[in-house]
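Shown next, in structure tokens, is the structure this report addresses.
The values are calculated or read from the model by the stated rules, or taken from the named source; none is laboratory data. Because the structure is a prediction, the values reported are computed rather than measured. FYI the Cβ positions are ideal-geometry reconstructions off the backbone, even for glycines, and counts take in every protein chain you see.
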Amino acid sequence: MKLIDSIVGQAPAISALRREIHAHPELCFQEVRTADLVAAQLERWGIEMHRGMGTTGVVGIIRGRDGGASGRALGLRADMDALPMQEVNSFAHASQHQGKMHACGHDGHTAMLLAAAQHLAAQRDFDGTVYAIFQPAEEGGGGAREMIKDGLFERFPMQAVFGMHNWPGMAVGSFAISAGPVMASSNEFKITIRGKGGHAALPHTGVDPVPVACQMVQAFQTIVTRNKKPVDTAVISVTMIHAGEASNVIPNFCEIQGTVRTFTTPVLDLIEQRMREIAQHTAAAFGAQCEFEFVRNYPPTVNTSAEADFARSVMGEIVGAEQVLAQEPTMGAEDFAYMLQAKPGAYCFIGNGDGAHREMGHGGGPCTLHNPSYDFNDDLIPLGATYWVELARRWLAR
């Protein structure tokens, strides 16, 4: 593994910053303390920076030895927000805030980009400009979208943008990247079935919305198995059904909620259309009424081929080609997708290991994303930062 020596030397200090962020998690659009920490470090290293994009976002501008005169520029993005969940770890840097936790490693993503920014600013051995993008609100807030709305790509013109996420279960010292869709779109639905309540012993006097809901839930799965092409990937998950208040009362209404995940917009269009039709016609067949809501959240994350191939070559130089894996697409979602809709780029995974890195006092659960026993592996900091630095150098030198 070819790590940059100065980054390795600074890794303990950056790890301390990571743990400081972990101990003080902030939810989407509330990352004030985290943004303050990031901004203070950038200022200390002589990096020009701008704040307030997407509410709490920070952008560091690192110009090379030419002062950026070449006009070539790329963006490196890290997310900063935490999740609204309770941490069960009790080690020294565990969350100090009830109901808030860095359970997805955004503290580590921020740390890796800080380490890279420090090195790039100290050396400036490149021509062009590197934009270090510290983004708020990835966890459901659409912070990338909000930064773009605030003029991210107009104020900081770049030809490409890259992102990275730690991946538990993948060995430390490995990366994964592929062209095409790597994360799914995220969408939510809410269906309210309105019937006619009454006595449970006299069902013929009302319109029971519960069996209507049961029919809908079963029928939705036929969209996946019978309406879309078998080679197209999609998930429809009904995750909530709410109805009734007493065992002897037929309720007036029943509410169904859930999520839909796809890798392409045409498949998503098909699913939304068919779900709406099934819901409306099923309700009508039982004499009930139906209200159908479908909200499209994050689009699919799609890596452009040239940038994914380029990133793969950089990774191979650092860890060896055999440690650069094919990126298996996941049905999870990521708002970096908005940036990839606007600019060429690639989103990769970096192996976070099997959880053995966790200190005494970690919870009993596995070290997986969104788990209360999770912790980012600080051994990734020099590797992730080296990747960011070499990616920027080589991309700007093309």
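Considering segment 192-215, and only residues there that are touching a Lys or Arg at 6+ places or on another chain (Cβ under 9 Å) and touching a residue at least 12 places away in the same chain (Cβ under 8 Å), the residue that is nearest to ARG296 (Cα to Cα) turns out to be PRO209. Taking segment 264-354 and the helices (runs of 4 or more DSSP H) fully enclosed by it, the elements with 3 or more residues that are at pLDDT 95 or above and within 22 Å of GLN135 (Cβ to Cβ) are at 305-319, 336-342. Just one of the listed residues (ALA306, ALA311, ALA342) is assigned by TED's automatic domain parsing to the domain that holds ILE133, buried (at least 20 other Cβ atoms within 10 Å of the Cβ) and within 25 Å of the chain's Cα centre (by Cα), namely ALA311. Counting the residues of segment 144-178 that are closer than 23 Å to GLY52 by Cα and crowded, with 24+ Cβ neighbours inside 10 Å gives 7. Checked against (1) surrounded by fewer than 20 Cβ atoms within 10 Å (Cβ to Cβ); (2) at pLDDT 95 or above, MET1 meets all criteria but (2). Answer yes if at least one residue in segment 121-137 is acidic (Asp, Glu) and touching a Ser or Thr at 6+ places or on another chain (Cβ under 8 Å), and no otherwise. For segment 121-137, residues acidic (Asp, Glu) and touching a Ser or Thr at 6+ places or on another chain (Cβ under 8 Å): present. Suppose we keep only residues that are of a type in the set (A, V, I, L, M) and farther than 18 Å from THR264 by Cα within segment 345-357. Which one would you say is surrounded by the fewest Cβ atoms within 10 Å (Cβ to Cβ)? Looking at the filtered set, the residue picked out is ALA356. Summed over segment 320-348, residues that are hydrophobic (A, V, I, L, M, F, W, C) and either free of Cβ contacts under 8 Å to residues at least 40 places away in the same chain or closer than 23 Å to LEU383 by Cα (or both) total 7.
Scanning segment 254-269 for residues that are in contact (Cβ under 8 Å) with a residue 12 or more places away in the chain and touching an Asp or Glu at 6+ places or on another chain (Cβ under 9 Å) returns CYS254, GLN257, GLY258, THR259, VAL260, THR262, PHE263, THR264, VAL267.
Answer with yes or no whether ALA283 is surrounded by 19 or more Cβ atoms within 10 Å (Cβ to Cβ) and in contact with a Cys (Cβ under 6 Å, 6 or more places away or on another chain). Yes; evaluated as a whole, the condition is true for this residue.
Residue by residue, here is whether (1) of a type in the set (Phe, Trp, Tyr); (2) within 20 Å of ALA342 (Cα to Cα) holds:
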position: GLY108; (1), (2): no, no
position: MET112; (1), (2): no, no
position: ALA115; (1), (2): no, no
position: ALA121; (1), (2): no, no
position: TYR131; (1), (2): yes, yes
position: GLN135; (1), (2): no, yes
position: GLU138; (1), (2): no, yes
position: GLY143; (1), (2): no, yes
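Of all residues in segment 179-191, those that are surrounded by fewer than 21 Cβ atoms within 10 Å (Cβ to Cβ) and under 23 Å from VAL314 (Cβ atoms) total 3. Kindly check whether there is at least one residue in segment 31-47 that is in a loop (DSSP other than H, G, I, E, B) and either under 23 Å from the mean Cα position of the chain (by Cα) or not assigned by TED's automatic domain parsing to the domain that holds PHE134 (or both). Yes, because at least one residue in segment 31-47 is in a loop (DSSP other than H, G, I, E, B) and either under 23 Å from the mean Cα position of the chain (by Cα) or not assigned by TED's automatic domain parsing to the domain that holds PHE134 (or both). I'd like the full set of residues that are among the acidic types (Asp, Glu) and more than 19 Å from PHE162 (Cβ to Cβ), limited to segment 73-83. Residue satisfying the conditions is ASP81 alone. For segment 73-80, the criterion of being crowded, with 24+ Cβ neighbours inside 10 Å, without any contact (Cβ under 8 Å) to a residue 60 or more places away in the chain and not aromatic (Phe, Trp, Tyr) is met by at least one residue. Restricting GLU48, GLU31, GLU20 to residues that are of a type outside the set (Lys, Arg) and touching a Pro at 6+ places or on another chain (Cβ under 9 Å) narrows the list to GLU31. What is the number of the single condition among (1) part of a loop (DSSP other than H, G, I, E, B); (2) within 17 Å of ALA160 (Cα to Cα); (3) within 23 Å of the chain's Cα centre (by Cα) that SER70 does not meet? All conditions are met except number (3).
Scanning segment 31-70 for residues that are of a type in the set (Lys, Arg) and either in contact (Cβ under 8 Å) with a residue 24 or more places away in the chain or crowded, with 23+ Cβ neighbours inside 10 Å (or both) yields a total of 2.
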